[in-house]
Amino acid sequence: MNAPLTLAQAVSQDAAVNVTPRGSDYETVRRVIELITLDYRDQPSLETIAAELDQSPTQLQKVFTRWAGLSPKGFLQAVTLDHAKRLLGREGMPLLETAFEVGLSGPGRLHDLFVTHEAMSPGEWKAKGAGLTIRHAFHPSPFGLALVMATDRGLAGLAFADQGGEAACFEDMRRRWPNAEYIEDREATRPYVGRIFNRAEWSRDRPLNVVLIGTDFQVSVWQSLLKIPFGRAVTYSDVANDIGKPKANRAVGAAIGANPISFVVPCHRAVGKSGALTGYHWGLTRKRAILGWEQGEG
DNA sequence: GGAATCATGTGAT
DNA sequence: ATCACATGATTCC
């Protein structure tokens, strides 16, 4: 363990927080992810990790595998820079252009095209949500407490909160559409989490409706993200090329960062050209956790 | 290999 | 106008 304690503490705060029914297990998983994320350069062994958490290697292995669908070793490999590069695919492959077609013709596991989206009109965007009723509530998710926001037209926002960070998280989202009317509604929002975080519930026959509220540029970027197949990744410049503005790679980064429906609009599948995970609005640890989870599921 | 530097498009103030 | 960016390429050590 060569990372300074302060850094470990910092990441600890940004990691997913235990709120699931299997409480203590999740805490274990969270700490494993955090440890691996911090120390992946050293490729720590299962024994090392277990010793760090003061648990038996076999027990740790079992708990982690049940949640993540892959062993700690597998997860470690999934988090490595090499792996991110592999997700990018072989050179020159126009991943984004073909994604749509592949998703439709494939066996249905290839692509999470279970999302139908509609964009708000520019007028509605300028009104900053005026006239819109947004129902919202926090629910447990595998990646921490999830804030769900929905209009009668579909899912409009999905955010993650750390322990005690609920208010800040809500404010973060509210700032985007300050003129909307907000109603806390656990009943109306609960079905969304069940659908979104259980892959078994993803179905082309029963698409999830999402509402993209943003500028024209942002919406085009988000639509491009929706074309990235499950368990794959693209670079920020790939997206810039895909929307026909090859020089706007930096602007693309900003637009991806502003994505209000995290996870569903897979902003975690955008990485730097080197394969490095460059940033995530809800914490880099969470980005790695989600990509690792996709690796196990895929 | 890194750190520093620059060109760059968008969106917010 | 000006500024901040979840970038990327180039140019120095």
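Before moving on, here are some points about what is shown:
- Any pair with Cβ under 6 angstrom, 6 or more apart, that starts in segment A:171-183 at a residue that is aromatic (Phe, Trp, Tyr) and ends at one that is open to solvent by 50 Å² or more (accessible area, probe 1.4 Å): A:TRP177/A:LYS128
- Qualifying residue in segment A:283-292 (condition: buried (at least 21 other Cβ atoms within 10 Å of the Cβ) and touching a Leu at 6+ places or on another chain (Cβ under 7 Å)): yes
- Among all positions in segment A:279-290, there is at least one residue which is part of a helix (DSSP H, G or I) and either touching a strand residue (DSSP E or B) at 6+ places or on another chain (Cβ under 8 Å) or within 23 Å of A:GLU118 (Cβ to Cβ) (or both).
- Among the residues listed as A:GLY244, A:GLY194, A:GLY283, the single one being farther than 14 Å from A:ALA84 by Cα and within 11 Å of DNA strand B (Cβ to nearest atom): A:GLY244
- Complete set of residues in segment A:224-236 that are open to solvent by 20 Å² or more (accessible area, probe 1.4 Å) and within 15 Å of DNA strand B (Cβ to nearest atom): A:TYR236
- Residue list for segment A:205-218, filter: closer than 15 Å to A:ALA251 by Cβ and either open to solvent by less than 50 Å² (accessible area, probe 1.4 Å) or of a type outside the set (Asp, Glu) (or both): A:GLY214, A:THR215, A:PHE217, A:GLN218
- Within segment A:261-273, tally of residues that are surrounded by fewer than 19 Cβ atoms within 10 Å (Cβ to Cβ) and more than 9 Å from DNA strand C (Cβ to nearest atom): 0
- Condition check for A:SER220: among the polar types (S, T, N, Q) and more than 12 Å from DNA strand C (Cβ to nearest atom): yes
- Selected residue [at pLDDT 65 or above, open to solvent by less than 10 Å² (accessible area, probe 1.4 Å) and small (Gly, Ala, Ser)] from A:ALA99, A:ALA68: A:ALA68
- Residue count for segment A:175-194, restricted to those that are open to solvent by 40 Å² or more (accessible area, probe 1.4 Å), touching a Gly at 6+ places or on another chain (Cβ under 9 Å) and not in a strand (DSSP E or B): 3
- Selected residue [open to solvent by 30 Å² or more (accessible area, probe 1.4 Å), at pLDDT 90 or above and within 11 Å of DNA strand C (Cβ to nearest atom)] from A:ALA276, A:ALA258: A:ALA258
- Exclusive hit being among the basic types (Lys, Arg), within 18 Å of A:TRP282 (Cβ to Cβ), modelled with pLDDT of 90 or more and more than 20 Å from the chain's Cα centre (by Cα), set A:ARG186, A:ARG175: A:ARG175
- Sub-7 Å Cβ pairs linking a first residue in segment A:192-217 that is assigned by TED's automatic domain parsing to the domain that holds A:ARG135 to a second residue that is among the basic types (Lys, Arg), at least 6 apart or interchain, are A:GLU201/A:ARG195; A:LEU208/A:ARG195; A:ASN209/A:ARG153; A:VAL211/A:ARG153, ordered by first then second residue.
- Among the residues here, A:VAL221 qualifies as open to solvent by less than 10 Å² (accessible area, probe 1.4 Å), within 10 Å of DNA strand B (Cβ to nearest atom) and within 30 Å of A:TYR40 (Cβ to Cβ).
- Positions within segment A:125-170 being of a type in the set (D, E, K, R) and within 19 Å of the chain's Cα centre (by Cα), in sequence order: A:ASP162, A:GLU166
The values are calculated or read from the model by the stated rules, or taken from the named source; none is laboratory data. Since the model is a prediction, treat every value here as computed from it, not as a measurement. Virtual Cβ from ideal backbone geometry, glycine too; neighbours counted across all protein chains shown. What goes into the accessible areas is simple: the full protein's heavy atoms, side chains included, and nothing from ligands, DNA or RNA. Shrake-Rupley method; radii C 1.70, N 1.55, O 1.52, S 1.80 Å.
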